[in-house]
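The values are calculated or read from the model by the stated rules, or taken from the named source; none is laboratory data. All values derive from a computational prediction rather than experimental measurement. Note that we place each Cβ from the backbone using ideal geometry, even for glycine, and neighbour counts take in every protein chain shown. Calculation scope for accessible area: heavy atoms of the full protein, side chains included, ligands and nucleic acids excluded. Shrake-Rupley method; radii C 1.70, N 1.55, O 1.52, S 1.80 Å.
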Amino acid sequence: MKIYLASGNKNKKREMAQILRNHEIVTPADEGIDFNPVEDGKTFYENSIIKAKALYDIVHSPVIADDSGICVDALEGIPGIYSARYAGPEYPQGKPDGSKIPQEEQNNYLIQQLNSKLAEGNVDSSKFKNGPRSAHYTCAMVLYLGNDRIYVAQDTMEGTLVESMEKAAGTGGFGYDPLFFLPEFNMTAAQITAEQKNSISHRGKATKALINIINGLEELKK
């Protein structure tokens, strides 16, 4: 099946193509489509729907869209849906002019912000899954087949944030992955293999849920 991915992120396309091996994954850029919808939702799910519908209205073919980000528990989920735009504690939802800062700066700011919060000494980490530095990635993914045919999966990848930029490690993955430590592997998300990451990641688990739906739909066509 040819499936459009509502994203311009080449890293996301690579991951999706690895997981959806039996399908053709195409981005708007692959076909010269100008695609830059305003993501003004308040949740990962709302933003994924916005992107999916916007692209479907152009191509009128199956679309997969996801919205994902890293959520630091002690920071009450920051940066969350603003992960791509995060610009430090002064601009947790992004700069007013819409400009973005380099990923390394985002990584450094996020560690500093968590360390400052923990230094205040008033964080109750007993409710967090992985202690005071607990964090998770969230991915909401939508398979959009028409205005009345929408399938949604949302999942997480749990871990912790490293203590400093000196402990950030790995060259795989993208985004905040070098900061995201996975206790079960004793490595960051940027150090494990693509196969390992796809088996436990937020995006991998959400995609696999949609694969079952896609396979079921194809069975109905037989």
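Points worth noting:
- Computed [θ] at 222 nm, deg cm²/dmol, the chain (DSSP H ≥ 4; -39,500 (n - 2.57); rounded to nearest 500): -10000 deg cm²/dmol
- Where the chain is the region considered: accessible area per residue in Å², 1.4 Å probe: 50 Å²
- Candidates per trypsin sites (Lys or Arg not before Pro) in the stretch 116-215, loop by DSSP, up to 13 other Cβ within 10 Å: Lys129
- The chain, accessible surface, carbon-and-sulfur percent (1.4 angstrom probe): 47 percent
- Among the listed pairs Lys2/Lys129; Lys100/Lys205; Lys129/Lys205; Lys10/Lys42, those with a Cα-Cα distance over 30 Å are Lys2/Lys129.
- With viscosity 1.002 mPa s and temperature 20 °C, the Kirkwood radius over alpha carbon pairs of the stretch 108-204 converts through Stokes-Einstein to a diffusion coefficient of 145 µm²/s.
- Annotation for the stretch 8-86: GluC sites (Glu not before Pro) lying in DSSP loop with at most 14 further Cβ atoms inside 10 Å of their Cβ are Glu76.
- The chain: DSSP helices with Cα axial extent of at least 20 Å and average Kyte-Doolittle hydropathy no lower than 0.0: 44-59
- Residue with peak Gaussian network fluctuation, the chain [Cα springs, cutoff 10 Å], from Leu75, Leu179, Leu161: Leu75
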